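Note sheet for the following structure.
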Amino acid sequence: MGKIIKKGTTGNAVNYTTRNQALKKLQIKLQQFRRLCILKGIHPREPKKKRAGQAKTYYHVKDINFLQYEPLLEKFREIKAYDKKVTKAKAKAQHQLAASLRTRRPEYKLDHLVRERYPSFVDALRDLDDA
């Protein structure tokens, strides 16, 4: 007799993950995840067999792994840490420090996403014609 295989560890069940599992893996909040998915062009998928239930949103594991190494994810984390610094300064009644921190808040740029989506200027023009 062969080795006993646990249910949900092979086949189609492994290729998809729920949205909550993806959020835990990426360590971000839902709002940031939605923003990231829109910017990267990642959409939910419908697996043949839904392992965790019918009322869940599923994403392909490769898409989530692709998002894991996105530079924007690091920027989101920097902004979150920076906001905590501002909140802490406000709580300690250091209003001058909080104001100066707010002016130096890190920002993220989307130029690498534009270059990724449109490698040449002709591609960007072609997409403008569609709109």
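The table for this structure:
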{"read-out": "Between the stretch 1-75 and the stretch 108-131, the Cα center-to-center distance that results, in Å", "value": "26"}
{"read-out": "Above-threshold pairs, the threshold being 18 Å between Cα atoms, out of Lys24/Lys62; Lys7/Lys48; Lys29/Lys90; Lys24/Lys88", "value": "Lys29/Lys90; Lys24/Lys88"}
{"read-out": "Spatially proximal aspartates and glutamates relative to Lys92 (Cα-Cα < 20 Å; intrachain offsets below 8 disregarded)", "value": "Asp83"}
{"read-out": "Mean shadow area of the stretch 25-94, taken as a quarter of the surface of its Cα convex hull (nm²)", "value": "6.2"}
{"read-out": "Isotropically averaged projected area of the stretch 82-131, using the convex hull of Cα atoms (one quarter of hull area), nm²", "value": "5.2"}
{"read-out": "Portion, in percent, of the accessible area of the stretch 1-97 that falls on carbon or sulfur, probe 1.4 Å", "value": "53"}
{"read-out": "Å² per residue, accessible surface of the chain at 1.4 Å", "value": "78"}
{"read-out": "Estimated [θ] at 222 nm from DSSP helical runs (n ≥ 4, -39500 (n - 2.57)) normalised by residues in the chain, nearest 500", "value": "-17500 deg cm²/dmol"}
{"read-out": "Normalised convex hull volume, the chain, alpha-carbon set, Å³ per residue", "value": "195"}
{"read-out": "Cβ crowding within 10 Å averaged over residues, with 15-27, 44-56 ranked highest first", "value": "15-27, 44-56"}
{"read-out": "Theoretical FRET efficiency, 1/(1+(r/R0)^6), r = Cβ-Cβ of Ile79 and Val114, R0 22 Å, to 0.05", "value": "0.60"}
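The values are calculated or read from the model by the stated rules, or taken from the named source; none is laboratory data. The structure presented is a predicted model; accordingly, all values stated were derived computationally and were not measured. We place every Cβ from the backbone using ideal geometry, glycine too, and count neighbours over all the protein chains shown. These accessible areas exclude ligands, DNA and RNA; they are computed on the full protein's heavy atoms, side chains included. Shrake-Rupley method; radii C 1.70, N 1.55, O 1.52, S 1.80 Å.
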